[in-house]
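Here the structure is laid out as structure tokens; the discussion comes afterwards.
Since every read-out is calculated from the coordinates, none of them should be taken as a lab result. It should be emphasised that the depicted structure is a prediction, and the values quoted were computed from it without experimental measurement. Positions of Cβ are generated from backbone atoms using ideal geometry, with glycine treated the same way; all protein chains shown enter the neighbour counts.
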Amino acid sequence: MKTLKTILMAMLVAPLLFGTMACDGLAAEGDVYVIECAGTISPGLAEYLIRSMEKAASEGAGCIVIQLDTPGGLALSMRSIVMAILSSEVPVVVYVSPSGARAASAGVMITMAAHVAAMAPSTNIGAAHPVDLGQKMDDTMAEKVINDMVAYTKTIAEKRGRNSEWAEKAVRESVSVTEKEAVELQVVDLIAEDLEDLLEKIDGREIEDKGPLRTKGVGRVVLKEGFRDRILKTLSDPNIAYLLMMIGLAGLYFELSHPGAIFPGVIGAISLILAFFAFQTLPVNYAGMLLIGLAIVLFVLEMKVTSYGLLSLGGVIALFLGSLMLFDGSAPGVRLAWRVMIPTVVMISGFFILVAGLVFRSQVSKPRTGDKGLIGEIGIVRSRLAPEGKVFVHGELWNAVASATIESGAKVRVVGVDRLTLKVEQVE
């Protein structure tokens, strides 16, 4: 019984141990939790950051350090992260690192929202102007969006006692500064050579409503992206989502036009499900989706209607325009890359046109088997047709009947089939 209890206890504790071992070190009360945040600010990355912050708070972390390196990203994802930082019960330190890293666009708001903002040498922050607004909306609407972003950024800066005038310039004029200039302008609080230097410099720093930080001589827990986080982050890439959708459509199209292939249908269905999952996290333009759907319809109609290629041409144009309009996002990393879109449109269009052409040829080509396959074939009379006799066609000896007498050795053409008897006429 004692052995059984030991085994059951081990089974219960093991998952907890393995879950903790996903971090670098065992968690303890008051430890510093380090979260690495590199790449475009996307829904997948936002979910990972927020969940990691919640985990740190639930395990009694004394401080959370977010190591940030981002070119920017989606405004909605950025706002989710900022809200999580502002409402965090645990002090949050945003550290723009390593050397060469940047906190651009959405990264500016995330950095300024932190209780403590720090930068490594040879880093920069700024350029928070919303990108390409003029291409998608009129001047009035663009101005509204910019004013909204300015107010949001200034509110964050004022709450943390940072330079709100510079924050406004970062949005309106896309200004960007180095780490030294950022400290002089009171955009960030300090410069730290590395994580060790950062923890030593912020130790004892008083945080409003939270007391002094205790970061020296305490344990450290590094939270890393799990398999699920990496999958979500990968699917949040618009290029990956676009390719999955194209593969899915091509697979299902091939399966429907050639029933029984199975493999293309399975791959197509899985790819489409993953693509639609990714579209939930991306700013999808439904006009683009409709155009791509229209392209598929036109390619299918090409098999049914003799359009001499006009339907295929319309399908290629609709596919190109739909791909161009598929994503609304103008933020960095939320665009469909030309080097991905152009080859994909060419390959997918070629695939659809090829399959449609094969199906059309099979529909209009002359039958080569069965009764219909004998019509028009040339044979030799083996026994005199008067009007019945024997003819040799397709390597076989057939009963035949003609409307007039035909002598043996003459050439005849098959003009009809009546069960096992051929109707023939003499060839001049």
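Taking 24 Å as the limit for the C-alpha separation, the pairs Lys154/Lys180; Lys180/Lys224; Lys55/Lys154; Lys55/Lys233; Lys55/Lys169; Lys159/Lys210 exceed it in the case of Lys180/Lys224; Lys55/Lys154; Lys55/Lys169. A straight Cα-to-Cα reach below 12 Å connects Lys423 with the aspartates and glutamates Asp371, Glu377, Glu388, residues fewer than 8 places away in its own chain not being considered. Within the same chain, aspartates and glutamates fewer than 8 places from Lys216 are excluded, and of the rest, those with a Cα less than 12 Å from its Cα are Asp31, Glu196, Asp197, Glu200, Asp203.
Give, in nm to one decimal, the length gained when the segment between Lys180 and Ile146 is fully stretched (0.36 nm per residue of separation minus the Cα-Cα distance). Don't jump to the answer; show the numbers that get you there.
Numbers: separation 34, 0.36 × 34 = 12.24 nm, distance 2.72 nm.
Going from the current span to full extension adds 9.5 nm.
Which order do the peptides 150-156, 235-241, 384-390 come out in when sorted by mean C-beta neighbours inside 10 angstrom, highest first? Walk me through the numbers on the way to the answer.
Working: 150-156: 18.1, 235-241: 21.9, 384-390: 16.1.
Result, highest mean first: 235-241, 150-156, 384-390.
Spin-label pair Thr234-Gln280: with each label point 7 Å from Cα along the Cα-Cβ axis, the two points sit 1.9 nm from one another.
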